[in-house]
Every structure is written in C-alpha cells, then in structure tokens.
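Visitor: A single structure is presented below for examination.
Rule-based calculations on the coordinates, nothing more; no lab input. Predicted, not measured: the structure shown is a model, and the values here were computed from it. Cβ coordinates were reconstructed from backbone atoms using ideal geometry, including for glycine residues, and neighbour counts include every protein chain displayed.
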Amino acid sequence: MRIRGWVRGLALRTNPRQHILDTWRAFARETFSSGEWAWGGRYPSNSISDAEQILVLLYPATEVPGFRLDRPDAIEDDVLAVLKPMGSGLDIPMRMLEALEDYLARYADEEGRPTFGGGSYLLTEEPGAEVKPEQAEYDITESYSISVTLCLSAKGFLREFQRTVERRELQSRIDVAVTALDLRLTAAMVGLLRSFVVNVLSPDTPAEAVLLRTVSQGRAVGRTLTQDLRGQLQPVRDKLPELTFGLPPENEQILRDDPERFFECGWTWGVAQDAADIDLPAAEDVRQPQGVAESRPVLHFTVNALDGLADLFSIRTSRQGLLTPEQQPLREALNLRWGLALQYWSTIATFGSARWPIEDVPWQSTDGQSSPYFSELVVSIVALAQQGGGADGTIGRSVAVLEELGQRGLVSRRATDDDRGVLLHDPGVLMALRGSEEEGPPLARSYNGYAATLAKTALRVASVSTSRRNRARLIEVADTAVDHLLARRQQPDGLWDHPDNIFHRSDPAPSTPAWDMTHNVVEVFVAASSLVSAPPLADQGQVDQANAKIAEARHILDQERLTAPTAGGSLLQKLLREAEQSLNRADSLASKRPATAAALADKVLRDLDELAFARQAASRSA
C-alpha cells in the first residue's frame, strides 16, 4: 500500500497549464481594464513591481512550451481566449512591446541610464516614520536580479517577434527596445557585481559566535571543530583572490594575513558601502552610485541574486545568444561569485557528520535574526548546488526539513489562535536594510511569499532527486503549498494576495493585486511545468528489467527470421519489420523511460508468442 502511495505521489496534483491560463485571464482583465496597459497595483509603481507585472505574462511565455506569444500566428487558441482583453494574436506581442518600451523609459535617469530604485517596496523600521525621497531611489539588489530575468526574457521574445514582422518602422522600434534592454542588462550585471560582498568576521564577536553555534550543533566549539570548518571552507577562501574587482582590497589582505579569520559571502541588499567601481569597457556608460548597504550578505538578497543569475547562465541564454560580447566578461565575473556563494552556503548548511545545521530550524543569520523563511532559503541554495549532481543523501535530509517548514509555516496545518506562524505570511518577514539609516530612518524590506518559496524550493529539490520516495514526498510538499496559494487568491479566479482566506480573519479582500506575490506564484507554476516536462524518474532496476525484456524479444525475433519466408510483401515479414521498429524504439527509451520501453518490448513478445502459437496449432492440425 505504501509503495502504491509513492508511485501515485510521483505525479503532481497541480495542473500548471490550467493555473497559468487562469492567472493570465485574471491578469488581462486587471491590466487592460481600460483598454491599455495599467501600471501599479497594491503598491505604487517601482522598478521591481512593474518588472514583476510584466513577467507574470512574459516569463511563462518564454519558459513554458505552449504559451509562446512571440509568433502571432502560432498562439494557442486557449491562450488567445484568456488574453482576449489584450486584443488579437498580432495585438498581444504589440502590447508587450509597448509595455517594455514604457518600462525602460520609466526607469532611466535624464541621461537615459537605467535606475533600480526600490521605491514603494521600502519600509521604515520606526513606526510613523517616512521613507525619504533619496532613500526611495537606493538601488536594490532585487531590482538588479529581476532586471536580468526581464531583459533576457524580453530580448529573446522581441527577437523572435521581429522575425514575423515586415514593417520597417516596427523593425526599428524593436531594435531600439533591444538596445535599451542590453543597456539595462549590463547595468544590472554591474550592480550585482557591486552588491556582492565578503564579510570577514572579527574574532570573539557575536557574528562569529552565531556562525560557530550554527555549525557546532551541540558539539563543543573547540580547536577540532574550528579547524574542520576552516578546512572545508578553504576551497572558497582559495578562490577569493580571483575576485579582482568590485571588492575592497582590504578584505583579501585580511584573509591572507590572518587565515584564522572566518568569513561569509553573498549579496547584500544594494550596492555595498565599500564597493569599488567596475572598471570594464562594458561598464563605462553605466551609472555606478556610491554604495550605502552594509557589507554583510543577507540570505534573502543572496537567493534572489542567485535566481536571477540562473537565467543568465541558462542553456536558453547561450543557445539564443542573448549576451553581447561586451557582457561576457561581466558574466564570467558573476559566474565566479555564483559558484563561491553556492559553495560557501552549502558547506555551512551541511557541515558535520551528525545533525546538519540545515536541519536545525529556524536558521539564524550572523546578525542574530532567525526565521523559518531563512531555512527555506538555505535549502534552496543547497538544491542549486546539487544541480550539477550530488549525493541523494543530501536531498533526503532536505525533504524532512521542507516538511517541517510546511508545518511551521502553517502551509500544511491549520493555524491556532494567536499563532505566530501567521506573521510569516502577513505582514511577512521583516528584514532590516543596514546602512540605510545614514540618510534617514532605518529601512526594511518585508517578504510575505513564504508559501511560494516553499513550493519553488520543493520543486527545485525534486528536480535533482533520484529517489522515488524523496521525490514523492517533495511533490506532496509542493502540491500542498500550491493548494494553500490557490486559496489565497483575491477571488476564486483572481490574482494574489488575500491571506485572510486561509487564516479566517475579518479583513476585506483587497481590490488590487500585489504583483510581487502574483509573480512568485507564477514562478511556482513555471517550476511545476519544468518538472512535468522533464523525463520521468527511472531507477536502475527498471532500466535493467526493460533491457532484459528487449534482449529476450530480439533473441526470439532472430529465431523467427531463421524460418520466416523472405518474401518482402508477406504479412509475416511485415509483422517482423514492425517488431524490429518497436524494439529499436524501446532501445532508445530504455535509459530515460524504462517503463515505456518495457511496454513496447512486452507487446513485441506477445505478438511473437501469438505467431509461434499459431504455427504450433497449424502444425498439430496438419
């Protein structure tokens, strides 16, 4: 009974195609209620929110087969139906072009250089205080990251659309938009380089104490433990001198002169206080503001940057040639930082031979703040590090953590009265933006996408798992999180977000969508689509069984050929040719779809056995 449950659990209950269609229907209704693109939602427009609004439509259109919008004559009928407020097949890509042109103009300064301010997404830690105008213009790492995704998706979309148009004026508009996208992409890449930090921890400080307490997991923090930790972090330390720009030289000197010092690396919330200018040809015309963010990595912004960079390093980006030659050195520099961040955090998360730090929920950052949300983020990093191949034992431990996070975050269980887990969703996890207090009240960023992050992380871990049992458990976590998210729509067929639908409070449903949450949920549907599109999970036992059946069928087929008449047009020869074709097909599928290969071999075996039985019956009657 339990085995049947695992097999059933390998299939998602979630129907990503239908969910994307439903979301697009509500998107078109909301965004084109007046007949033209309407910006803004629950929060006033900013460079992040407006990008999220575009990507609700553009991201599935460029990532999921069957949702393409760049070829007007090839848009699917059900897609056209849900996007009817945007117009006909030709109108839809034109509306996308207009929205992109508007966005690129909105978020550029008087000299045409891209800007990346956080605007209305920034809060103050002090009740009643207001964000100052100059603070609202601080460049935010989230804006850099989402701009990478937006620019790559938009550039691929527009280049494909351009192949379908003949009007010279429209061709020229697309060329101008692509040039502006390249400029913004370059600026975002430079920003991500300048917001990457290496924080060297001073001995006997609270930050070092938190790090050692995290990795010790009850063991005595002594010489043996610290030496083990330094040894496992040495590969990261050895590569730090390769970070030749964007970081202050003092960091390298400290790590070189004092090898006993611990450190952490990743992305802070904006341009770091000590960030140097990027002196590369591609960055000559890029605005490089003075940094204000504390040079300490923040998990939320680190994972946000890694997600954007995943699009930069994707196969699609390389295959479509979406980067210019001038952007290649920036890509290489970011790839180095990507690898260091993955290696550092996955080393910390899985340190030791007993209970791993990742299993100690909630995760505590070196600034003293702890949250189950941070545990989600660390699991996400470990899964990213596993994508190149790794032990499924690591995945197995992650599964139990995600199941616990689903319970702690009230995704897989009901909330009790005054349950503090509700705060993860509403108002969300509040993260201080250290350094912002230099020019006004201290700022913070709130994130309420706990359930969406849980679903995305479970799907990401499932995509690298080679265990049927683990994958079934992960899919159950993801399905439960999707059920939670679907219940939080403003209306049953609407957009997000209305947490009170789940937590049964008396607040009325908001009248406008929150594009950050809506975009997060769409990313979940895209991740689900990717998992569904991947080859089914096959274990070696299935592969061996399929190959055994194919081998037996080929042997019997060869025996039949020894006695079969050679007349090419006979029914027997036709049957044998069809059997050969089926076995060739089974051979090609055996390693990736062994159950299908075995079914093909089974049919050939049945057909050959019927042939032998018919021959024996004929011989007896004669």
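Visitor: Between the stretch 442-493 and the stretch 284-327, what is the separation of their alpha carbon centroids in Å?
Guide: First find each Cα centre; the distance between them is then 24 Å.
Visitor: Neighbour counts of other C-beta atoms within 10 Å: give me K592, K155 arranged from fewest to most. Each step should come with its number before you reach the end.
Guide: Values: K592 14, K155 22.
The most exposed by this proxy come first: K592, K155.
Visitor: What ³J(HN,Hα) values, in whole Hz, does the Karplus curve 6.51 cos²θ - 1.76 cosθ + 1.60 give for the stretch 154-166 when θ = phi - 60°, with x put for Gly and Pro?
Guide: Calculated HN-Hα couplings, in order: 5, 5, x, 4, 5, 5, 6, 4, 4, 5, 9, 10, 10 Hz.
Visitor: Taking K456 as the anchor, which lysines have their alpha carbon closer than 29 Å to its alpha carbon, excluding any fewer than eight residues away along the same chain?
Guide: K456 reaches K155, K592.
Visitor: Find the relative contact order for the stretch 540-621 and round it to a whole percent, using C-alpha pairs within less than 8 Å whose residues are 6+ positions apart.
Guide: RCO, the stretch 540-621: 36 percent.
Visitor: Could you give the dipole magnitude of the chain about its Cα centre, charging the beta-carbon of Lys and Arg +1 and that of Asp and Glu -1, in debye to the nearest 20?
Guide: Here the size comes out at about 3160 debye.
Visitor: In deg cm²/dmol, rounded to 500, what helix-only [θ] at 222 nm does the chain give when every DSSP H run of at least 4 residues adds -39500 (n - 2.57) and the total is split over its residues?
Guide: My calculation for the chain gives -19000 deg cm²/dmol from helical runs alone.
Visitor: For the chain, with the dipole built from +1 on Lys and Arg beta-carbon atoms and -1 on Asp and Glu ones, taken about the Cα centre, which of S371, L83, G435 lies farthest toward the positive end?
Guide: L83
Visitor: OK, next. Tell me, W345, W39, W338, W269 in order of fewest to most beta-carbon neighbours within 10 Å?
Guide: W39, W338, W345, W269
Visitor: With charges set only on the Cβ (+1 for Lys and Arg, -1 for Asp and Glu), what does the dipole of the stretch 540-621 come to about its Cα centre, in debye to the nearest 20?
Guide: Roughly 140 debye, rounded to the nearest 20.
Visitor: Arranged from highest to lowest average of other beta-carbon atoms within 10 Å per residue, in what order do the peptides 456-462, 121-127 appear?
Guide: Those peptides, ordered most packed to least, come out 456-462, 121-127.
Visitor: Using only the Cα atoms of the chain, what are the Rg and Dmax in Å?
Guide: 27.8, 103
Visitor: Let me ask something else. Can you run phi through the Karplus equation (6.51, -1.76, 1.60; θ = phi - 60°) for the stretch 178-194 and list ³J(HN,Hα) in whole Hz, with x for Gly and Pro?
Guide: Each residue of the stretch 178-194 in turn: 5, 4, 5, 5, 4, 5, 5, 4, 4, 4, 5, 5, 4, x, 5, 5, 7 Hz.
Visitor: Can you list the HN-Hα couplings for the stretch 138-153, worked out from phi with the Karplus curve (6.51, -1.76, 1.60; θ = phi - 60°), rounded to whole Hz and with x for Gly and Pro?
Guide: 4, 5, 10, 4, 4, 5, 4, 5, 5, 5, 4, 4, 4, 5, 5, 5
Visitor: Let me ask you something else. In units of 2.2 N^0.38 Å, what is the alpha-carbon radius of gyration of the stretch 540-621?
Guide: Relative to the 2.2 N^0.38 Å estimate, the stretch 540-621 comes out at 1.16.
Visitor: Another question, if that's okay. Order these by the 10 Å Cβ neighbour count, fewest first: R223, R194.
Guide: Ranked by crowding around the Cβ, least crowded first: R223, R194.
Visitor: What angle do you read, to the nearest 10 degrees and between 0 and 90, between the alpha-carbon axis of helix 47-63 and the longest principal axis of the chain?
Guide: The angle comes out at about 10 degrees.
Visitor: For the chain, what relative contact order do you get, as a whole percent, if you take Cα pairs closer than 8 Å and at least 6 residues apart?
Guide: The value is 16 percent.
Visitor: What order, most packed first, do the peptides 106-116, 598-608 have when packing is the mean number of other Cβ atoms within 10 Å of each residue?
Guide: Sorting 106-116, 598-608 by mean packing, highest first, produces 598-608, 106-116.
Visitor: Something else now. Taking the alpha-carbon distance from K574 and a cut-off under 26 Å, which lysines remain once sequence neighbours fewer than 8 residues away in the same chain are dropped?
Guide: K574 reaches K549, K603.
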